[in-house]
Amino acid sequence: MSQSHWDKIAPCYDSEIFDVLANDSNGILLSYISRFASKKSVAGDFGCGVGKFLPTLSKQFRLVHAMDISQACLKVAQARCRCLPNIEYLRVDLSDDSARLAKVDFALSVNVAIMACRRTLAGILKKISKSLRHGGHFVLVVPSLESMLFAEFRLIQWNLKSGMTHAQATSASVEEAEGSLDLRLEEGLVDIDGVATKHYLKEELIVLLEDLRFDIEAIEKVEYDWSTEFDQPPRWMKEPYPWDWLVLSKKRK
């Protein structure tokens, strides 16, 4: 997903891009940000988009570096946060090895490392690691591959309860998913609105971050309502709910 892609989306970002902050049913993400809040510390929002998390970060940290590949998204973020003087904005391609970033004590990245290219994904995580001071904490939120598969199971279950045969239920499920299960699922790639989107296994995240010299301190689910997956889900479809993975890690000294 290039700069031009996000520049094009910027004017309609709120309607086009899933709002993790608004749909986090248990408020777990905000609780992790508050856990490391300090008016002596510097925070970095890596891939800030139009600035959903910037007001929260601005209120709880001395300085916030808002970074995104899209200048158009940054302009929207800057306009929305114009009354917050402790935010610095930087247009940067996080996968670019030559990009120079300021040092931060706390790093946040919410559904940014989701592109299909493995090299680009690795570059983003390395860049965040390089920017984060030793001993600093990193909160990473990414789509869950387990949740996507669970949603497929729930859809089949719904079809069966609606009176379909097993063959009909599974066939309808694949059609509803627009063939996403055929898109290099072994690499965690799922078709989301025509875009190959990286989803992660829990164990995969552990390996990736430990290889970058992070110590994993917690892995939790950011849970959402079933209405984020399906139009008008049935009332019986309750917990377990769909989720993204939240990983809290600490950079080794």
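Tell me what the chain gives for mean residue ellipticity at 222 nm when only DSSP H runs of n ≥ 4 count, each as -39,500 (n - 2.57), the sum divided by the residue total, rounded to 500 deg cm²/dmol. Before the final figure, lay out the partial values.
Values: 10 runs with 92 residues, N = 253.
Rounded to the nearest 500, the figure is -10500 deg cm²/dmol.
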Rounded to the nearest 0.05, what FRET efficiency do residue 7 and residue 252 have when you use their Cβ-Cβ distance and R0 = 45 Å? 0.80
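So what is the relative contact order of segment 140-251, in percent, for Cα pairs below 8 Å that sit 6 or more residues apart? Present the calculation step by step, with values, prior to reporting the outcome.
On the way: 141 pairs, mean separation 37.4, N = 112.
Computed value for segment 140-251: 33 percent relative contact order.
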Step through the table entries 52/161; 40/253; 8/253; 8/221; 75/253, compare each Cα-Cα distance with 29 Å, and write down the pairs that go over it. 52/161; 8/253; 8/221; 75/253
Provide the FRET efficiency to the nearest 0.05 for the residue 230-residue 90 pair, computing r from the beta carbons and using R0 = 45 Å. 0.75
Starting from the Cα of residue 30, move 7 Å in the Cα-to-Cβ direction to define the label point; list residues of segment 54-88 whose amide nitrogen is under 18 Å from there. 54-61, 81
Is any residue of segment 219-253 close enough, with backbone N under 19 Å, to a label point placed 7 angstrom from the Cα of residue 161 along the Cα-Cβ axis, and if so, which? 224-243
Sequence gap at least 6, Cα distance under 8 Å: using those rules, report the relative contact order of the chain to the nearest whole percent. 18 percent
Label model pair residue 98, residue 80: point-to-point distance (7 angstrom along the Cα→beta-carbon line) in nm is 3.2 nm
Subtract the Cα-Cα distance of residue 122 and residue 210 from 0.36 nm times their separation in residues, and report this length gain in nm to one decimal. 30.4 nm
Which aspartates and glutamates, on any chain, are close to residue 103 with Cα under 14 Å apart, when same-chain ones fewer than 8 places away are left out? 45, 88
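FYI, it's all coordinate maths here, none of it is from the lab. Just so it is clear, the structure is predicted and the values come from calculations on it, not from any experiment. All Cβ positions, even for glycine, are placed from backbone atoms using ideal geometry, and neighbour counts span all protein chains on display.
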